[in-house]
Amino acid sequence: MNRNLLLLTLCQGLFLINNVTFIAINGLVGLQLAPFPWMATIPIMGYVVGGALAAPLVAATQVRYGRRGSFQIGLLVAFGSALLAALAAQYRLFWLLVLATVVAGYYYANGQLYRFAATELTHADWHEKAVSVVLAGGIVGGIVGPNLANWTRSVLATPFVGAYVSLSLVALLAMGLMAKIQFPVEPARKDHAVRGRPIGEIMRQPVFIVATLGAAVGYGSMNLLMAATPLVMDVFHFEFSHIATVLEWHVIGMYAPGFFTGHLIRRFGVLQVMGAGVVLIAVCVGVALSGTQMMQFMVALILLGVGWNFLFTGGTALALRAYRPEEKDRAQAAINVCVFLTMAVTSFTSGAVATTSGWSWLNLGTLPALVVVAFALVWMWQRDRRGARFAQ
């Protein structure tokens with residue numbers, strides 16, 4: 001741990017305050033403003049669609065302005081988009097809410113690179129732990145985000161306008177912290193030789209495919225169930241404070257393991273940790289199918305959070321084997337685009353299935369993708385074993 005890594009970890013926490021607050025309120029505000037109930041989670045989908053669309057642009061700004069410059073642009077967008085969402089809620093304009101969340105996706109695409117930037121602030125031997133520690137900063141978001149939504153949703157006359165305004169202040173705080181981080185100066189890129197291999201060649205590597213599949217399915221499964229939870233709990237007449245509590249513990253489950261996931265990866269191996277993530281999400285589905293009481297929602301969402309952490313952190317660490325330093329911007333953007341597209345599909349599917357088919361079918365829908373990831377991890381493990389025996 002060093003000063004720069006600590007500041008980046010705090011920025012990750014503020015980034016997650018934005019994410020979690022959006023998840024907690026966008027579906028409910030969308031349900032109030034949308035012309036049809038099945039459109040309720042479109043604002044959540046807009047957030048990740050915006051991230052997918054912005055990923056190539058973010059990669060270009062990372063090259064041109066460096067890590068800190070690009071991250072500050074993302075935070076400026078976060079500030080403006082939060083105020084735009086507040087206007088949408090104030091004047092009950094569904095289309096403006098969707099537009100605000102699409103714009104906010106630029107910040108989402110930037111924030112998803114914090115975990116990669118962490119590896120540049122530490123020694124090579126500490127890369128896995130650095131990724132894990134920065135992701136652990138999300139605990140701040142897990143504790144503050146749901147409570148911030150709960151505390152500020154009725155501050156102003158129109159429900160949830162105060163929550164959006166508070167997110168603009170969070171973005172300003174993050175800009176102040178980001179300004180103090182010193183990222184390593186990268187050498188100038190003078191010719192195509194420095195750019196490394198074509199992106200298609202990078203993406204065809206088995207290690208890249210498995211890493212991206214694990215990260216995408218981990219995030220997709222988590223998003224499918226988390227985005228629907230406020231809607232489903234609202235249908236079952238839970239108070240918003242109860243919804244906030246479940247989301248709080250869910251996000252703690254997502255990021256608290258960050259303090260030791262890096263150690264687990266170094267001790268047991270990245271594929272084994274990702275496999276444990278698959279098992280935990282499958283157990284989460286079993287708990288969710290067992291009933292709709294407060295405790296079942298909470299336990300299921302905690303398991304979902306820990307399973308996501310193992311899959312996503314493991315996928316990020318595995319991806320480090322797939323690209324060279326000069327290829328990082330394009331490779332990381334490609335990974336994030338795959339994750340964002342998966343999340344976009346699951347965000348829309350979440351609201352549509354939850355409001356038409358119900359909570360049980362939504363949970364069952366995660367299982368086929370988990371089976372695919374499990375087979376991919378076993379295949380990769382056997383491939384690595386054959387490679388190790390050949391090397392001997």
* Would you confirm whether any residue within segment 51-61 is under 17 Å from MET178 (Cβ atoms), in a helix (DSSP H, G or I), of a type outside the set (A, V, I, L, M, F, W, C) and touching an Asp or Glu at 6+ places or on another chain (Cβ under 8 Å)? => no
* Structure fact -> Of the listed residues (ARG330, ARG324, ARG386), the one being surrounded by fewer than 18 Cβ atoms within 10 Å (Cβ to Cβ), in contact (Cβ under 8 Å) with a residue 12 or more places away in the chain and of a type in the set (Lys, Arg) is ARG324
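Which members of segment 81-91 meet the condition of being free of Cβ contacts under 8 Å to residues at least 40 places away in the same chain and closer than 8 Å to ALA104 by Cα? Spell out how you get there, then give the answer.
Of segment 81-91, the ones free of Cβ contacts under 8 Å to residues at least 40 places away in the same chain are 81, 84, 87, 91.
Of everything in segment 81-91, just one residue is free of Cβ contacts under 8 Å to residues at least 40 places away in the same chain and closer than 8 Å to ALA104 by Cα, namely SER81.
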* Go through segment 297-321 and count every residue that is surrounded by fewer than 21 Cβ atoms within 10 Å (Cβ to Cβ) and within 12 Å of the chain's Cα centre (by Cα). => 0
* **Residue pairs meeting the criteria (Cβ under 7 Å; at least 6 apart or on separate chains; first farther than 15 Å from PHE240 by Cα, in segment 152-163; second among the charged types (D, E, K, R))** => GLY162/ARG153
* Give the number of residues within segment 96-108 that are of a type in the set (Gly, Ala, Ser) and either at positive phi or out of contact with any Pro (no Cβ under 9 Å at 6 or more places or on another chain) (or both). => 2
* Checking LYS129 against (1) within 30 Å of LEU271 (Cα to Cα); (2) surrounded by fewer than 17 Cβ atoms within 10 Å (Cβ to Cβ), the condition it does not meet -> (2)
* Asked: Would a scan of segment 324-331 turn up a residue that is assigned to a helix (DSSP H, G or I), among the small types (Gly, Ala, Ser) and touching a Lys or Arg at 6+ places or on another chain (Cβ under 9 Å)?
  -> yes
* Just need a number here: residues in segment 114-141 that are among the polar types (S, T, N, Q) and in a helix (DSSP H, G or I). => 2
* Which condition number does ALA60 fail, the rest of (1) under 20 Å from the mean Cα position of the chain (by Cα); (2) of a type in the set (A, V, I, L, M); (3) surrounded by fewer than 24 Cβ atoms within 10 Å (Cβ to Cβ) being met? -> (1)
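Just so you know, all these numbers are worked out from the coordinates, no wet-lab data involved. Given the structure is predicted, the values throughout are model-derived calculations rather than measurements. Neighbour counts run over all protein chains shown; Cβ positions are idealised from the backbone, glycine included.
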